[in-house]
Each structure stands twice: as structure tokens, then as C-alpha cells.
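Contents: one structure, followed by commentary.
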Amino acid sequence: MLGPMRDSALVFSVCFALASTLLPSVTSAQADDEEGEQAQPVVVPPQLEEFVEATYPPEAQEAGLETTVEVQITIAVDGSVTDASVVEPQGNGFDEAALEAVRRFRFSPATVDGTPTPVRIRYRYEFTLDEPEPEEELLPEEEVERPGRLEGRVLTVEDDEPVGGAEVVLTNEDQSIARRTVAAEDGSFRIGELPPGEYQVRILGAEYGDQTQTESIGAGEVTDVVYRLRSAAEEAPDDDLSFGATAVVEAPPREVTRRSIGREQLTSIPGTRGDALRAVEILPGVARPAFGSGALIVRGAAPGDSQAFLEGIPIPLLYHFGGLTSFIQSRLLERVDFYPGNFSVRYGRKMGGVLEVETRDPRGDGLHGVAELSVIDVGLLAEFPLGENATGAFGLRRSMIDVVFNNVIPEDLDIGVTQLPVYYDWQAFVTWRPTDRDKVKMLAYGSSDRFEIFAGDSIGDDPDVRGDISLTTRFNFFHLNWTRQIDSRSDLDIDVQYGPTRLNFGLSDLIEFDLLSQQIYTRMEYTTRPTSKVRLIAGLDAFVSPFTLDYTGPAPCQGEGGNCQTDLDDTLTPISFDGVATRPGLYLESAFDLAPTRLVVGLRTDYDSTIDRWNLDPRFSGFLDVGGGFKLKTGIGLYSQPPEFQESAEVIGNPNLDWIHSVHTGLGVEYDNSDLGIKAGVEGFYKYLWDRVVGTDNGVPPRFINEGVGRIFGMEVSFRHQMRREIPLFVQLSYTLMRSERRDDPDSDQDWRLFDFDQTHIFTLAASYRLPKNWEVGAAIRIISGNPYTPIVGSVYNEDRDTYLPLYGANNSVRNPLFHRVDVRVEKKWKFESWMLALFLDIRNVYNQQNQEGLIYSNDFRESTPLTGLPIIPALGIRGEL
Amino acid sequence: MKLLVRVLLGVLALASVGACGESPDPGYLLKRQRVVGAIRTVVDEPERTTPRPGETVRMAWQTIAPGVVESHTWLILACAPSDQAFGVPVCGGPPFEIFTQTTPQDGAPVLEIEVPEDYEAEQVVVLGAICMGGIVSTDLDPTSTIEDLRPCQGDEGTGEIVAGTITVEQRPGLRNLRPRLMSLSLRGEELTETIDEARQPCAGGSLPEVRLDEEAELTITPVPDQRETFVDPVLEEETVEELQNSLFVTEGTLNRRFTFVDEGTPAPMVEFLAEADADDPLPDEGRSVKFIVVMRDRRGGEDILERAFCLVP
């Protein structure tokens, strides 16, 4: 039985010669002594301190070949290998294996008269095979513990740049050092022949800081990891803001398409005022919401078909006042992952896309803080250690809209403001690691929006828009997450969240909507890896919400598609709902790693108590690594969601509705070159929807029916360049070509019509460049097809109220003109010893383009003028960081 | 939730209109002849607006114009309502009355609708087309949806598709009396005169005067103590009527399109202001202004009053 190459058989021979670049130091030493007798320099050769095993070429090993490779190595003054070349090639893969190993050697540097000196040496690397061991009784395979291997890469957090030379040290449970190696220039490392078990891995990245992780090595398995370290300093050597190192271990993909925005880009996209969730707008597949409302419109799906999650828990309201600012401070976020379709069974009850927001662990290397003031809001954030194993963070923010509101209301609009628009949000996070296997995260957060005006004897041309108009939204949640590594193959992740939610809207006596609910959400996910090629996941997520809803107002109707001409005077008798909404879901997923392919198969089932029905969604995705950084991907699956509450509730809806279904298909290719910091991709998609809920004509009973269908198809192109040390430029280019159509009555001869949010072309180009002296500039360009709308071709005079009701033409038969806008951002930082000051200017719509979002009609709908979107909005702000 | 968003966007859009360029003319600015209401009176009891089955109700449509009111033609039908929850009123079956006037007539339509003896619905839907200064189109199917109606034939005249309802007194709780306007006042002084045509020279004449750039208070005074108590069908509780006043002027601005008569406001006021306009300069001899109020009790009862004053530099 062949064994690995033996260290002891290596022959170490040194033959050194001074390279031409080394001569001056010796010459100067000689010159110093020119006047007197010429002294001989004392030269100490380099000593090998860190030996690295080469990988025996498999074919040569199988053929029983042995050889010696002579390598010329250049050693720098710090003992690292800066160059290596084979003197006489031996072939059979030996040369490459030898070079790959020696480039990771570490030496004590050569010295001349005590001064470290670069040198070039010859080194002979012997490849020899052990004598076969005597035959012994072969044990059953399962009783032989085959060694495992740990391999991967060490990269920087900011720009995925390799951290060459980072030391990787494995220690046993008794803290004795098991193995040690040094990452190559490309950040890669490999530690083989590891007995199965658990190890502490310390990554020592010099100026990148260090980090410790716990890894489990399985018998005969390869554990593939990526460690990311944060650079402690940037361009100028006197920048010294060490925030400590973080490491992120990437899990292999479960979704066909995942697009992520990392922490560094989250707060620097032009036009977003540093709002991380707004950064999603630059990704392919995301349509533009009108008036910057913040609605999430993904691949032609309605806003209500997509969902944002915070740590796996659905978020009730993403933005304050429907689109102004997101509900959470962006600096508490680690990453935003966006799945435009074909997402895993982990997410259910939605047919559109998924936005997963991940928070970061608060820093524990001392007290840190941020204070920020802009024309939109003011915010404070603090992070601090809590003992040895825990860290905490607290944030608070308040809007400044009330300060400027009165200045933007036209003078001839005679309204009284009872409560100026104001929002608050707050966050309190604690991360605790009670043991090496456990991590506990406690997140408490909340949001509040309030606005109330008194319109007196009506405003505008509707006699019923008068009196008090008020809006209140409020939620406060407590979320507990526990992650436990059960053993080397399995872990468990449990989330529980609880909190009250209030949504209240009032319009005089005509509309009163008051919803009060207690939301309880839980998720449990068990992951196991029986072999290195198989991963199994079983999960449960459940949403339970006792609620009370009091409603006075017109009958709800299906607004999308124009089949809703509710008049404010069409008021129903007040209705109260009191109940418990229950939506449990179960999911199973299997991932098979059959390199170069990877297959993911999943099944999800959900129940909805409002309609008392179950649903089953199978899903599949596949990946093929074709090499050279290219990967093919495909996916197909069923995605279903229940009707909206008002569509299925008794009295106002149809309780006999069924789930709405869709099938997602996707096919694409990705290119990933982390060395260059480039990611690119092209993807085609097709979705078909059926059992869509549509309203009956003029709301006649049963009011809503599952008879609509839809189809969405298109293509997305994306290109990203990460900001890197060599090229401090971030670029994200996205282009989507798409068509989204609906039919509300497929049994009739009705043609396909455009979806309300169909945007044929969506082009976005965002770029940021880091200049010297801590300047950063950026711009974002958006060119997007206008939204379709239904023209008004006439009107009916409603004599009962003295108003006009519009008469509509063909649904969505006209488009608004092309939308285009440029946003710019400039930021300057001043870095001091222990703190930093930043001044930023974020200008949205820098050339004040008057993009048409719709039409404003005269009260009789005979005349119209364009309704333009938001004008130029400069946001000047200042931020201090401790 | 969608209606909530629509109203909010409407409020925000209204608030932003001032900063977002030109806006359409407000609804109170009378620039063309238009329909503004219909006065319902039971033939044998003119103070009542709610006929019982077998009774005849007179529905007198009201039109106003900045100048001389042009002739009218019309095609209007009366029918039982459909069971829709919202939208443009449509018939639930064939009409029981059709009124046609294809020869131009000076006055606006006055219809006498006889409610059938066996009528069971609580409302009669009245819908049709009125063409002013032209000939009404008769190319319609009365049982079809109203979207197919064309008010006027060809390009002559100004047409309106109109819809309204008449409450049928199937039970005593539905009974309604007609409200009456008492007077319109300018700066506390009652306005007494009417004019045929606005924008005529008037300075130094009998009309009270308002100066350019001067805010003037107009007061709408209904006949006192006529707000009825009834059971609100939505809230299912006793409620006192609010009287909605729709306001119209032929030029200038009003700070309100509607005012309401309620417990705290027995005689609501509105502010009139006319500012200098380089595109439409005010001559030294001034211009006459029509001021019209249509009052509704929102249960079928209406009244209308028209007066005038003079705008001077």
C-alpha cells in the first residue's frame, strides 16, 4: 500500500549566490571598510522554518514514480519566498507540485553582518514513496478513520482580495498545535492528513488582524472554507482604524440566483442616502417603484408577491411612510441577499422574490459609536463588549421631516397639521457565545410612523377627503436566535420572534382601518451532512398572529389591472374581525455535491388557516462548474402564496379562495473571478401564474375569484467589479429585458394585457471610486421604461355627490415616457487617532429630470397635465464614528 | 390597503403639485357649461324628495355656464339598480322609463319619473347623456354598460354622461325633505342680483365690487333648522344631516371647493381672491363674476342659488 512522501527523506542542500539586486548592500559594506583593511562580512544563510508538504501528483503516485526537483528560490528580507523556478523540469506534475509547495515556505532570512538580506538559493525537493506496509487484516471500511483535509482561501472582507502569507494554525482541543501552514499568494491553503475531529483554526493575518474559527473535519472529507479578514488600514500608512477581523464562511449555493451586496457597498450607493435596503434597486430584476415608494417589484411580480426577511423572519413594513427610509440603521447590517426567483424551500408563501437582510455581530474590541445628522433624519449607534463572550449594540433614529414639512406644503392648500410626519426606529442587539458550539443572538427592534392632518372642509375635488386624515404604523419585536453545532456533521438553528404591530389609517368618518396584532414567528432548521457529498435540511417555520381588525370604508377590490373604481362614498357597514391567523410550513431539502455538478432538491408544504387549505411546492436547482470560473445554473419549481386577507375574509371577500400558484424556470451562466474581483452573469427566466385572485365586475358576489393567469419572461445581465486595493473602483451594471402580462378572464377572448408594473427595459449603472486622502465619489445612472397606465377616455358625472367617475380605456394600453435619472454621492472622511468624521452629499436626480409618473386630471377628467416624480433632492449630512 | 395608498398618494400628489409645475383648473372654476345637480321633488308633495311606489317624482337637472346657457338635448333612462358594490351605476335590468329630447330646448331636462306600483328596490338609478349646444347621441343600448355612451353627435356642443339616484321611500326611515338655501353674502352683505353672462363690464354699476388682490369673504346661509335626523345606513345609528355646498365661480380662486353646514358651522364661509394675471388683464371697467352654490343633503335633497358681483382693479 503506497504511502505519502516522507519528510525525513528530504535532502536539504543550499547553494546560494547573491542576486544582482543584493550586491549594493555588500558593496557598501565593503566600501565602509575601504580605508582600512577590508573585513570579511559575516554571512548567515537562511534557515527553513516552515516546511510545506507538496501534493504528490496522483498519476505519478499511482505509477510509482519518484524524483527530485531542484528549485531556485528567492528569499526576501522577511524570510518569505518571493520567487521560485524549476532548474531542470522533471515532468509528471512534480515540477508544479514542488513550486506550489516551496512558494509557501517560510525561512529565517539570510543576514550579512547581522542585516537581513535577500538571497537566492537552490533547494532540492525529493518526491519519494514509502515502502508498502506489510499486509494486515483489513478492517471494515467504516471502522477505519480516514484522514480529512482542510483547504480554502483567506480573503479580505472589503474586496475579496487574497491575503497571501496569512498564517493558518490548527490547534487540538487541548490547545496543542496540530498543524500550521501559510496561505499562498492567491490566499489558498491546504492542510491534509488531519485526523477527524474538531479543531480550532486561527488565521493570523498580520495587519488584517486575526480570527478564530472552529472547524469539524470529517473522516475522508474535504472541508472547503473561505475566511475573510478585515483590513485594519487603508492606503495611507497613518490610517489606523482597526476594527478587528471578521471571518465569513460561505455556504454553497441553494438558490439558482443570489445577488448580494456586502457591507462596504450597502451604505455608499449614490442616490440611496446611505440606505442599505435601497441598494437593492441597482440589482437586475428589480423594477423601479413610482415616486421612489420603496415597493419591492421583482421580475414582473406585484409588490405583495415578494417578501423581505430580517434574519429569516418576515418584515411587516420595510420603509417608513411607504418609502422614505428603511426601518433599520444600515450600519447594523452585514449583507443584503436578493433572490429574484427560484429561491430555496426555506422561503415560502410568496411567488415573487426574496430579500434576506443579515445583521452583523456587534464589535467587541472596545466602545464604538456613530452619530449622523442629515436633512432627513438624525441617528445614533453604539457598540460595545459585554464581558468575554458577548457584544452588544444599540441604535436610535428620528426623522427631521417635521422640521421642513411646513415649507414644502403649497400656501393655497389650506390644511392644518395636527401631527407632523415623524418616524422613529430603534435597535438593540446582543450576540453571545456561551460555548464554542453555541451562538445566541438577541435582536430587539421597532419602528413608528405618525402623521395627522386636518383637512377641514375638504381638500381637492372630492367632498369626502376632509376632516382628519391620519396614519400610524408601529411595530416592536423581540427576536431570539440560537445556533448550535451538534456535532461535526450537524447543526441546529432556531429562531423565535414575538411582538405587537399596529396599523391605523383614518379619513374622516368614511374610512377607518385599525389593525392590532401580536405576531409570533418561529423557525427551526436542522442541517446534517451524512457524507461530504450530501447535505440534508429539515425545517419548520410557523406564523401565528392573533389579531383584531376594525374596518369602515368602501368594499375592497382588486386594484391591479384597473378593475377597481371604488368611490369613497361606497361605504360598507363597519366590520370587526377577531381571530388568529395561522400559517405553518414544513420543508425538506437535499443537496448533492457531485463535482462538477451540484443538485438541490426541495419540497415545501404550507397551510393557511384563513382559507383552510394546504399547499405543496417541489423545487429543483442545478449547478455545473465548467471551469475557468464559469458556472451553468438552472432551476424549476412551484411557488405559491395565499390570497390577501381582504380577498378571503368573510363579508368583504371570498373565503372559498384557493392558493395562488406559479412555476419559476431559470437558466443562466455565471462567471466569477475573485482574483480580478469580477462577477458577471446572464440569465433567462420564465414564470407562469395561475389561480390568480381577480375581482368580479364592480364587486358583485363572490367579489373575488381564482381565475386570473399571468406570464413573465425575460433576461437579466449583470456585471460587478468589487473595490480592490489595486483598483479602488466599485461598479455594478444591471440590465433587464422583460415582459410581464396578465389575463383576468382566460375563458373569454380577452387578450393578454400589460401588468401594472411592467418595465420592458431596466438599465442601471452604479459606480464608486475611492480617491486618495479619503475621498469617495460615486454616481448611479438609471434608464427605465415608463410604467404602463390605463388611459381615461371619458367620465360620468355622479350627481349624488357632485363628483366625476372616470371611464377607462384599454387596460395599461399607454406607457409613461422613458424614465432617466442620475444620482451622485461625494464623501470625505477625516481620520483621527481614535475617531473619524465624515461629510457627505448625496444628490438624487442631479439634473432635476421631470420624469412623468402619471397624469393629473381636472375634476371632470377632460384635461390632464403630467404628474412628475421627485425633483432634485440633495441630502447633506455629517457623521462621526468612534 | 390599496385605497389607503391611493388616498395617501393623492394627498401627497396634491401637496407636491405646487412644486411640480402646472396643475389642472380646480373644480370650482366654471369655464364651460356643465351639469351641477338635479333637484328632486315629489309631484304631490314638493318638499319631499323620496317618492313611494306609485308616486311621480320630478327630477329637474341644473346646468350653469359662464355665459348664456345654451340649449339642451338629452337621452335619459330610469331603471332599477344592479347589485354591484362600486363603480359607475348601471341598470340591473331594462329601464322602466326613457326620456328623449333630440330637438334643442332652452331649459335643462326636467323629468317626471313615475315609480311603478310594484317597485321593490330602495333606489331608482337615473342615467343618460345631456348634450348642451348640440344634438344628443341616441346610438346606445340602454341595458349596456355606460362606457359605450357618447353624449353628443359629431363635434357640436358639450356633452355630459350623467348618473344619479332617487331614493324610494320603501319604509319611513328613508323619507327625506329637501333643504333650502336662504342667501349668499359678500362681506356680510347679501348678494341679490344675477346676471346672464359673466366677464361683462360692471364697474360703477349695481353689483357689489371686489378689488383685485383683495380677499373677500363669501357666506352661504341655509334656511335655519332644516338639518334632519335620520338613521345612517352605514353606521346604523342616528345621525343629523350635514349639508354639502358645492361652490363655483367664473374667475378668481376659492380656498375651498366644498363647504359643509354642520353643528358647529351653521353658515359656512369661503374666501375669494382674484390676483392679477398678465395673460388675462382686468380692464378698468371690471368684469362681472358669477358665484353659484349647490347645496346637497347627500340623501337626494338639493337646492341651488346663483348670484353675481363685480371684480374691479
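The values are calculated or read from the model by the stated rules, or taken from the named source; none is laboratory data. Predicted model only: the values in this text are computed from it and were never measured. Positions of Cβ are backbone-derived with ideal geometry, glycine not excepted, and every protein chain shown enters the neighbour counts.
What the table below lists for this structure:
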read-out: Criterion (at pLDDT 90 or above and on the phi > 0 side of the Ramachandran plot) met by exactly one of A:R349, A:R397; value: A:R349
read-out: All strands (runs of 3 or more DSSP E) inside region B:164-243 with 2 or more residues being of a type in the set (A, V, I, L, M, F, W, C); value: B:181-186, B:216-222, B:229-232
read-out: Hey, A:L317 part of a loop (DSSP other than H, G, I, E, B), buried (at least 17 other Cβ atoms within 10 Å of the Cβ) and over 19 Å from the mean Cα position of the chain (by Cα) or not; value: no
read-out: Residues of region A:164-200 that turn out to be of a type in the set (A, V, I, L, M) and part of a loop (DSSP other than H, G, I, E, B), as a count; value: 3
read-out: Criterion: touching a residue at least 40 places away in the same chain (Cβ under 8 Å), crowded, with 18+ Cβ neighbours inside 10 Å and either among the β-branched types (V, I, T) or more than 27 Å from A:A302 (Cβ to Cβ) (or both) - qualifying residue of A:R862, A:R782, A:R879; value: A:R879
read-out: Subset tally (residues that are assigned to a loop (DSSP other than H, G, I, E, B), hydrophobic (A, V, I, L, M, F, W, C) and either within 28 Å of A:R363 (Cβ to Cβ) or modelled with pLDDT of 90 or more (or both)) for region A:854-882; value: 2
read-out: Exclusive hit being within 14 Å of another protein chain (Cβ to nearest Cβ) and within 26 Å of the chain's Cα centre (by Cα), set A:F757, A:F730; value: A:F757
read-out: Any chance A:D509 is part of a strand (DSSP E or B), over 27 Å from A:D606 (Cβ atoms) and within 14 Å of another protein chain (Cβ to nearest Cβ); value: no
read-out: Candidate set: region B:34-63, residues that are in a loop (DSSP other than H, G, I, E, B) and buried (at least 21 other Cβ atoms within 10 Å of the Cβ); chosen: the one nearest to the other protein chains (Cβ to nearest Cβ); value: B:T49
read-out: Per-region count, region B:114-136, residues surrounded by fewer than 21 Cβ atoms within 10 Å (Cβ to Cβ) and either free of Cβ contacts under 8 Å to residues at least 24 places away in the same chain or assigned to a strand (DSSP E or B) (or both); value: 3
read-out: Qualifying residue in region B:253-262 (condition: more than 12 Å from every other protein chain (Cβ to nearest Cβ) and either buried (at least 20 other Cβ atoms within 10 Å of the Cβ) or assigned to a strand (DSSP E or B) (or both)); value: no
read-out: Of residues in region A:672-709 being within 14 Å of chain B (Cβ to nearest Cβ) and touching a Leu at 6+ places or on another chain (Cβ under 8 Å), the one farthest from A:G627 (Cα to Cα); value: A:F704
read-out: Qualifying residue in region B:90-102 (condition: surrounded by fewer than 22 Cβ atoms within 10 Å (Cβ to Cβ), assigned to a loop (DSSP other than H, G, I, E, B), among the small types (G, A, S) and within 9 Å of chain A (Cβ to nearest Cβ)); value: no
read-out: Criterion: of a type outside the set (K, R) and at positive phi - qualifying residue of A:G677, A:G666, A:G653; value: A:G677
read-out: Test: residue in region B:42-56 that is of a type in the set (S, T, N, Q) and modelled with pLDDT under 90; value: no
read-out: All strands (runs of 3 or more DSSP E) inside region A:774-818 with 2 or more residues being more than 11 Å from chain B (Cβ to nearest Cβ); value: A:775-784
read-out: In region B:263-301, residue nearest to B:V69 (Cα to Cα) [restricted to those that are part of a strand (DSSP E or B), within 14 Å of another protein chain (Cβ to nearest Cβ) and hydrophobic (A, V, I, L, M, F, W, C)]; value: B:I292
read-out: Top-ranked residue of region A:193-211 - restricted to ones that are surrounded by fewer than 16 Cβ atoms within 10 Å (Cβ to Cβ) and modelled with pLDDT under 80, ranked as nearest to A:R535 (Cα to Cα); value: A:E193
read-out: Selection count where residues are closer than 30 Å to B:L29 by Cα and touching a residue at least 40 places away in the same chain (Cβ under 8 Å), scope region B:226-255; value: 16
read-out: Among (1) out of contact with any strand residue (DSSP E or B) (no Cβ under 8 Å at 6 or more places or on another chain); (2) more than 14 Å from every other protein chain (Cβ to nearest Cβ) - the single one A:N848 does not satisfy; value: (2)
read-out: Identity of the residue in region B:223-237, away from every other protein chain (no Cβ under 14 Å) and under 30 Å from A:D550 (Cα atoms), that ends up nearest to the chain's Cα centre (by Cα); value: B:R227
read-out: Selection count where residues are in a strand (DSSP E or B) and away from chain B (no Cβ under 14 Å), scope region A:468-493; value: 16
read-out: Selection count where residues are under 35 Å from the mean Cα position of the chain (by Cα) and within 11 Å of chain B (Cβ to nearest Cβ), scope region A:442-467; value: 1
read-out: Leading residue by the ranking (surrounded by the fewest Cβ atoms within 10 Å (Cβ to Cβ)) among those in region A:44-78 that are of a type in the set (G, A, S) and more than 30 Å from A:V112 (Cβ to Cβ); value: A:G64
read-out: Total residues in region A:503-527, condition hydroxyl-bearing (S, T, Y) and within 24 Å of the chain's Cα centre (by Cα); value: 4
read-out: Enumerated strands (runs of 3 or more DSSP E) restricted to region A:587-702, each holding at least 3 residues that are within 30 Å of A:L729 (Cβ to Cβ) and either in contact (Cβ under 8 Å) with a residue 12 or more places away in the chain or not aliphatic (A, V, I, L, M) (or both); value: A:613-627, A:630-641, A:660-673, A:678-695
read-out: Condition check for A:T483: surrounded by fewer than 20 Cβ atoms within 10 Å (Cβ to Cβ), under 24 Å from the mean Cα position of the chain (by Cα) and of a type outside the set (F, W, Y); value: yes
